[in-house]
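Here's the structure we're looking at; comments come further down.
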Amino acid sequence: MKKKPILGKSLTAIAILTVLCTIIFVSCFKEKNIYNTTEKQIFKEKLFGREYIVVNSSKFYEQKSIRFFTNNMNNRSFSNEGIFFSDILMPTESFLEIFDFLKSNISGLDALSTSNLFRINIFLSQGDSLSNLQISNIKGFSIFCKNENSFSHHLFRVDNGVVIQGEQEVLCGGEFQECSISDLRGIGYYLNDEISPSAIINLMNDIDIEFETDITKQYLSKLLYKTQYITPEIYVEGDDFGPNCSHCGERNRKVSCKWTGKERECPSCIKDILSKTNVDLELGYGELSSEDAHSFRDNFMAESNVGRKYIIYYYVLSDFALAEMPLTINSISDYYEFAIDCYAIKNIIENGSNNKVVVNSNFKEKALAKIEYFKGVTTNIKILTILDDIKLDIINWHGLSKGALLEALN
């Protein structure tokens, strides 16, 4: 992220509000992380002291700058942590063989059927290579079973070789079609008692999977948001994981959009959906530029503690909003008009006179209504805490002129 001269936290504090409130429009898509693997071949891999025939294996070690914060948002810190990942594709025989081995060494997995088993993610508190993995370091499993047009998720916490499945793990059970690295980071962070896991081993059954896109159960994230203490860990510096375009299901690349049937970038889905409504596109569609939003983030928000706090909020809430309320013909008009209001506030901050009111009563009413809606669809403590913090800011900023607001925040 390019550094700019510090312009003062007062300006960034209100500036980030406009970007945050347009999360639906500037986050229609996020690119899913894809890692290269070696060419398909047959060889053996040693796991937990035993050799297994595998089809494909990729190993990588990530050193990331991770932003941590507590549920009350008062304690935030930044640290560099390394996580060892391994993706292993196995023939069905080997895949079931290692699952039987895990069941024989971890008490409590016996009841899970292997008839439709597709993927096992193993989260470990220690381990930096495949050759020295220890059963005693396993903190839990994410186990995916294949259904007709979806996967089902089973989450198990492990303590000293025994499965202890509590309320949070049970709530993570259900159907989904895709998961992201962010989902797995969040699960691992939870299973390892609020510390990033040292290793995540992903074992996959070598069978063909092809689902027809169903946005009602698109990402594992939707299940995580139903819990109190588990959320996708999407605030990792350098990462940009999260849901695909809510309508066509595609990532940020040149594709044939399933919503329109035309060859175009997925953000065009917004305009195409709007064209099917009665909304007046002349209100300012061209002003809703993601490039302007990114520039606003990089030039203003990134240069202060307040701004960086809201950058974290942005990444957490944008994926949450898409998971809980994808854009539809019935909802997009309201969000589009609200986005126009947000960009008007942005213009006041950048170019308005000092006596111009920044957050007026109309905007306050709209913003608080949206916050209350999203508070009503989740029990997740992290999400609720962020929404309450934003609500307090809007109330405090309401009615202040640009000059008074800047002076009050200094």
Accessible surface of the range 312-396, 1.4 Å probe, proportion on carbon and sulfur as whole %: 52
Cα-Cα separations in the range 293-410 greater than 20 Å, expressed as whole percent: 48
Where HIS398, HIS153 fall by accessible area, highest first, once all protein chains stay in place (1.4 Å): HIS398, HIS153
Rg [Å, one decimal], Dmax [Å, integer] - the range 156-202, C-alpha atoms: 11.3, 32
Å² of accessible area per residue within the range 147-209, as computed with a 1.4 Å probe and no ligands counted: 38
Extension gain (nm, one decimal) between ALA408 and VAL170, 0.36 nm per residue minus Cα-Cα: 81.0 nm
Solvent exposure of the range 339-386 as accessible area per residue, Å², 1.4 Å probe: 46
More than 18 angstrom apart: percent of Cα pairs within the range 127-206: 44
Gyration tensor over alpha-carbon atoms, the range 125-170, equivalent ellipsoid semi-axes in Å: 24, 16, 7
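The values are calculated or read from the model by the stated rules, or taken from the named source; none is laboratory data. Worth saying up front: this structure is predicted, and the values here are computed from it rather than measured. All accessible areas refer to the heavy atoms of the entire protein, side chains included, with ligands and DNA or RNA removed. Shrake-Rupley method; radii C 1.70, N 1.55, O 1.52, S 1.80 Å.
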